[in-house]
Structures are given as structure tokens and as C-alpha cells.
Amino acid sequence: MAFQTQTFEITTGDREAAVDVTERCTAFLAAVAPGRSGLLNVFVPHATAGIAVLETGAGSDEDLLALLRDLVPADDRWRHRHGSPGHGRDHVVPGLVAPHATLPVVDGQLALGVWQSVVLIDTNGDNPRRTLRLSFLG
């Protein structure tokens, strides 16, 4: 059993974003795990971002961002007050959208459902650059 890991920088911009990182995951697996089976861990080491597995392209990614705006509004209720107004909510989001996902890999391929994608969820416009760590164990 071997462990391989790599980090990538991703620009999410100055607004809420749902960034599909499935191709990054696929390329990483092609490089480090051709034909192998195991687990891929996708991790974003930031206090204000998360990883979701969901459908993209049909609006689910935007629906998730809208749901987070409704559930966790960017207003002045938050005790965590540094950054732009309402930024404290960004520090609560990873409690709802975990900063990691562990996914099955079979014969070097992500074993996702037909419509599933791996998506970086970032509600923090104060930090437009994110690090994504991919780790394969298998």
C-alpha cells in the first residue's frame, strides 16, 4: 500500500464560488494511481471552505450556495468579526460543508455516480486563493 499526496492552488475569486475540481482529481489519479484501487482524500486546509460531492451544470451547485446564504446569512450576528461584514458566517460554513471528502478509487478511476462531481465550496470573498490537497492511499 502506498501513499501519494499533492497540493494545488485554485483561484476562487472575490465572490461565493462552487468550483468543480473533478478533473484535477482525475489527473492526479492518472499520475499517481494508474490501475490501482484505494481511497482519494480531497481536503481544503482553510477555515472558510469545504468540499461537496454533488451534481454540477444543472444548478445544484448554485442551489447549494443559495441554501448556505439562507441558512447562514452574512450579517452582523456572528461573534467572529474580523474581515468584511458578515465574514463570521464563512467560518461556520465548514460545519455544514466539511473541508474534506474521502472517495473510492477503482482501477485508477474515481468511483463517482453518473452525475456526481467533486466541488470546492468557498463562501469567503476575502480570500480568493485556495489550496487543495489530494491524497491517494492504495
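The values are calculated or read from the model by the stated rules, or taken from the named source; none is laboratory data. In this text, all values refer to a predicted model and were calculated from it rather than measured experimentally. For neighbour counting, all protein chains shown are included, and Cβ atoms are generated from backbone atoms with ideal geometry for every residue, glycine included. To get the accessible areas, we keep the full protein, side chains included, count just its heavy atoms, and leave off ligands, DNA and RNA. Shrake-Rupley method; radii C 1.70, N 1.55, O 1.52, S 1.80 Å.
Consider the stretch 17-41 and keep the residues that are β-branched (Val, Ile, Thr) and within 12 Å of the chain's Cα centre (by Cα). The one that is least open to solvent (accessible area, probe 1.4 Å) is Val21.
I'd like to check something: does the stretch 95-113 contain any residue that is open to solvent by 50 Å² or more (accessible area, probe 1.4 Å), more than 16 Å from the chain's Cα centre (by Cα) and within 16 Å of Thr12 (Cα to Cα)? Taking every residue of the stretch 95-113 in turn, none turns out to be open to solvent by 50 Å² or more (accessible area, probe 1.4 Å), more than 16 Å from the chain's Cα centre (by Cα) and within 16 Å of Thr12 (Cα to Cα). Among the numbered criteria (1) in contact with a strand residue (DSSP E or B) (Cβ under 8 Å, 6 or more places away or on another chain); (2) open to solvent by 50 Å² or more (accessible area, probe 1.4 Å); (3) among the acidic types (Asp, Glu), which one does Asp14 miss? Among (1) in contact with a strand residue (DSSP E or B) (Cβ under 8 Å, 6 or more places away or on another chain); (2) open to solvent by 50 Å² or more (accessible area, probe 1.4 Å); (3) among the acidic types (Asp, Glu), Asp14 violates only (1). Just name the residue that is nearest to Gly57 (Cα to Cα) out of those in the stretch 79-94 that are touching a residue at least 24 places away in the same chain (Cβ under 8 Å) and surrounded by fewer than 17 Cβ atoms within 10 Å (Cβ to Cβ). Looking at the filtered set, the residue picked out is Ser84.
Checking each residue in the stretch 32-70 for being outside any strand (DSSP E or B), farther than 15 Å from Leu137 by Cβ, of a type in the set (A, V, I, L, M, F, W, C) and at pLDDT 95 or above picks out Val44, Leu64, Leu65, Ala66, Leu67, Leu68.
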